[in-house]
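In what follows, a structure is listed as structure tokens, so that the remarks can point back to it.
What follows draws every value from the coordinates through simple rules; no lab data is involved. Since the structure is predicted, the reported quantities are computational estimates derived from the model, not experimental observations. Positions of Cβ are generated from backbone atoms using ideal geometry, with glycine treated the same way; all protein chains shown enter the neighbour counts.
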């Protein structure tokens, strides 16, 4: 066998072996023993509301007539729109550019810069000026995270809770593919007139005690591909290119032979 052919088959074997030997391990620690427990302190920062955020506000009393005044119109018949999160933009309360939320009867209430619980306290305090023993519920419903790259299901997901960590969010899109580079996950975050970009290593347990462990609304998570996939994609491109060149040369030789 020629040396060039041998090298070619060795490269193919290494590529196949490296792709088959892939193991997905999150926050893996090979030194941890059975029945041992490790504690990692939570350093999450509570999200603070900003303009364009959408909230679901519900005020309930014992008087059905008063409840109707605060009842938000729903359009549950459109299942596609509801599942995509668009329903909340029609039925929820939006924080305006000035940072306030306009609620019927209660008026304009400050929301920007406050956590969801803090804004709930504002709504409750204002409600108590008009009603007795009312129950106030405030939910943040415009929490969207987008995924690109080596995940099972690319796209956006809506989070119906106040916060979510990176591992749970990845689980909701089906996890990382066998070609995902778990040590090189990029998060793009929208700030005030600027964007922040930072890297995460999902195999490092120190991530659990990092303030980057939790995602924010409108975050974009990008899982980079492993070198094995890049090499495999490049190999396919080169293979098709050389196949085309080989076919062209073969055709040219045949045509020349026929004309001779």
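Working from label points 7 Å from Cα in the Cα-to-Cβ sense, the residue 100 to residue 144 distance is 2.7 nm. Put in line by how crowded their Cβ is, counting other Cβ atoms within 10 Å and starting with the fewest, 200, 49 read 200, 49. Panel order for 145, 122, by other beta carbons found within 10 Å of each beta carbon, from fewest to most: 122, 145.
Site pair residue 130 and residue 25 shows an inter-label distance of 5.9 nm when each label is modelled 7 Å from Cα along Cα→Cβ.
What relative contact order, as a whole-number percentage, does the stretch 143-225 give when Cα pairs under 8 Å and 6 or more residues apart are counted? Could you put the intermediate results ahead of the total?
Values: 162 pairs, mean separation 34.6, N = 83.
Relative contact order, the stretch 143-225: 42 percent.
Computed extension length for residue 249-residue 206: 9.8 nm, one decimal, from 0.36 nm per residue of separation with the Cα-Cα distance subtracted. Remark: the residue 62-residue 115 segment gains 16.3 nm on full extension, using 0.36 nm per residue and subtracting the alpha carbon distance. Rounded, prolate or oblate: pick one for the stretch 143-225, where a ≥ b ≥ c are the square roots of the eigenvalues of its C-alpha gyration tensor, a/c under 1.5 means rounded, and failing that, prolate if a/b is larger than b/c, else oblate. Rounded, because the longest to shortest axis ratio a/c is under 1.5. Summarising the strand pairing of the stretch 143-225, around 85 percent of its internal DSSP beta bridges are antiparallel.
May I ask you to sort 37, 136 by Cβ crowding, counting other Cβ atoms within 10 Å and putting the fewest first?
Sorted ascending by nearby Cβ count, the order is 37, 136.
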